[in-house]
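The values are calculated or read from the model by the stated rules, or taken from the named source; none is laboratory data. Remember, predicted model here, so these are calculated numbers, not experimental data. Note that we place each Cβ from the backbone using ideal geometry, even for glycine, and neighbour counts take in every protein chain shown.
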Amino acid sequence: MTSQAENTNPNPQDRVMIFDTTLRDGEQSPGATMTLDEKIKIATLLDDMGVDIIEAGFPIASDGDFEAVSEISKLAKNAVICGLARASKGDIERAWGALQHAKKPRIHTFIGTSPLHREHQLSMSEAQVLDKIRETVTFARSLCENVQWSPMDATRTEHDYLIEAVAIAVDCGATTINIPDTVGYTAPRESAQIIEMLLERVPGLDQCVIATHCHNDLGMATANALAAVEAGARQIECTINGLGERAGNTALEEVVMALKIRNDIMPFHTGIDTTKIMQASRMVSTVSGFPVQFNKAIVGKNAFAHESGIHQDGMLKHAGTFEIMRPEDVGLTESNLVLGKHSGRAALKDKLQQLGFDLGDNAFQEAFVRFKALADAKKEVHDDDLIALVDDARTSATHDRIQLKSLRIVCGTDGPQEAALELEIEGQVHNHTTSGDGPVDAAFNAIKALVPHTAQLKLYQVHAVTDGTDAQAEVSVRLEEDGKIVTGYAANTDTMVASVRAYVNALNKLMVRREKSAPAPIKAAG
């Protein structure tokens with residue numbers, strides 16, 4: 001099987017650019033709100049793995065989004081950094097204000113063009129929308145040489161009108177024309193036909209990059225994106241794990257690996273280092289609190305698992321009998337070396353590097369201390385245990401105004417269920433004991449007593465990292481307060497400890513969001 005480098009075709013016409021919108025469209029998933037530090041970590045990894053364009057946020061939406069786009073613009077080494085703006089000068093100026101320090105800035109402006117959007121969302125006539133396109137694309141281009149324009153809900157827009165709108169954007173200086181399937185309505189054949197039609201009927205469009213942005217409402221986002229590429233699109237907008245509103249966006253890992261593995265029938269290539277795909281998937285899953293389904297293509301836990309006797313027999317004889325790609329192609333280690341309490345620093349560092357973690361001295365020392373504690377609690381520490389351990393350490397280190405000091409739970413058939421909790425809050429230790437309808441309810445009641453708040457619990461989710469009764473539990477807790485949604489995460493061999501730490505992590509994030517109060521998020525294109 002050839003490597004990504006061996007697959008690369010030097011013909012620029014065959015190069016497909018990857019536009020990642022995890023930090024913008026992905027974050028619009030309810031509950032997937034990310035902190036500044038989390039966005040920077042994700043953006044740094046995306047930049048390192050070869051993503052061509054990173055849509056870092058929607059600067060007008062909030063001060064937090066502006067700050068994220070601004071900071072990522074300063075830190076990015078290779079990728080184009082993009083900020084989203086509605087069709088208004090205020091939005092575009094705000095986007096440029098956040099992007100102006102980027103080595104490679106891009107303003108992405110959009111307006112709805114379908115009959116439904118013109119009438120019900122914008123209350124504008126066809127002529128008014130066209131005038132707005134002319135005005136705002138021209139203004140964006142006066143600020144930035146790299147301008148992307150999108151007709152929101154393009155796949156439900158009348159073809160003649162779509163052609164007219166795209167032609168105006170091209171004439172006014174847009175360098176990339178994105179065709180969004182905003183509501184996941186189209187199908188592969190139609191997706192290709194729209195691109196072919198525009199290339200044939202819009203003068204000068206062949207001098208622009210054509211992009212495709214698909215949603216997965218009918219489960220066809222990947223197929224629609226690839227069909228658009230075959231028809232002439234050379235930029236795919238996507239997200240890690242397919243994160244996004246409703247059913248999500250085109251998944252980066254799916255389109256990248258499809259182009260790599262089926263290069264025989266789709267002779268296109270990307271610049272993505274596919275060995276970093278699993279690391280990106282795990283990071284986004286941890287930060288967003290959205291677990292990856294076990295049978296998810298490419299990055300799911302079962303994507304390279306074989307239980308059927310026939311499949312196992314074939315795999316033992318030749319891996320190619322039932323696998324079309326190697327696990328290591330997407331960043332999974334070929335072996336699952338088990339560590340234990342006698343393993344030293346060198347073995348742990350080597351294994352973490354294999355798993356894609358490059359930790360500094362202090363972070364590694366913290367990970368080693370946690371590893372030893374975990375190894376004392378478990379006989380064997382597997383790859384997934386280490387990933388959860390490092391992710392949990394990063395989460396705990398980021399927000400520490402409230403810390404768990406101790407927890408004692410009383411539960412069983414003879415109730416009442418009680419929780420005795422001790423928290424360190426702003427450097428002061430406080431404790432409280434209370435009961436509840438089960439141990440989790442009791443523990444969460446104790447937290448509320450020590451840290452009064454009005455946030456509602458929207459999600460409490462537990463899953464085991466590995467098999468066995470000594471498996472670590474990964475817990476996600478989602479809280480909502482006054483429209484602010486945060487997700488906390490923690491992992492521990494004790495499910496109750498993980499649950500309390502996840503809740504505390506969410507509260508720490510909520511405190512940060514309270515301090516950075518901003519207007520409610522604005523829903524954007526795509």
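Figure legend. Inter-residue proximity from segment 490-509: first residues outside the structural domain of Thr469 (by TED's automatic domain parsing) and under 20 Å from Thr35 (Cβ atoms), second residues surrounded by fewer than 24 Cβ atoms within 10 Å (Cβ to Cβ) and of a type outside the set (S, T, N, Q), beta-carbon distance below 6 Å, spacing 6+ or different chains. No pairs are indicated. Checking Gln417, Gln428 one by one, the residue that is surrounded by fewer than 15 Cβ atoms within 10 Å (Cβ to Cβ), more than 30 Å from Gln293 (Cβ to Cβ) and of a type in the set (S, T, N, Q) is Gln428 and no other. Going by the structure shown, is Asn241 out of contact with any helix residue (DSSP H, G or I) (no Cβ under 9 Å at 6 or more places or on another chain) and under 29 Å from Gln461 (Cα atoms)? Answer is no for this residue.
Within this structure, Lys523 passes the test of being within 21 Å of Thr22 (Cα to Cα) and at pLDDT below 85. So, Asp47, is that one touching a residue at least 24 places away in the same chain (Cβ under 8 Å), among the acidic types (Asp, Glu) and surrounded by 24 or more Cβ atoms within 10 Å (Cβ to Cβ) or not? Spelling it out, it is not the case that Asp47 is touching a residue at least 24 places away in the same chain (Cβ under 8 Å), among the acidic types (Asp, Glu) and surrounded by 24 or more Cβ atoms within 10 Å (Cβ to Cβ).
Yes or no, residue by residue, for (1) charged (D, E, K, R); (2) at pLDDT 95 or above; (3) within 25 Å of Glu245 (Cα to Cα); (4) in a helix (DSSP H, G or I):
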residue: Arg141; (1), (2), (3), (4): yes, yes, no, yes
residue: Trp149; (1), (2), (3), (4): no, yes, yes, no
residue: Ile163; (1), (2), (3), (4): no, yes, no, yes
residue: Ala174; (1), (2), (3), (4): no, yes, no, no
residue: Ile179; (1), (2), (3), (4): no, yes, yes, no
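Which pairs have Cβ atoms under 8 Å, sit 6 or more apart or on different chains, and link a residue in segment 98-126 that is in contact (Cβ under 8 Å) with a residue 12 or more places away in the chain and not assigned by TED's automatic domain parsing to the domain that holds Tyr185 to one that is in a helix (DSSP H, G or I) and surrounded by fewer than 17 Cβ atoms within 10 Å (Cβ to Cβ)? Sorted first by the residue in segment 98-126, then by its partner, the list stays empty. Once segment 105-125 is narrowed to residues that are buried (at least 17 other Cβ atoms within 10 Å of the Cβ) and over 20 Å from Ile60 (Cα atoms), the residue that is farthest from the chain's Cα centre (by Cα) is Met124.
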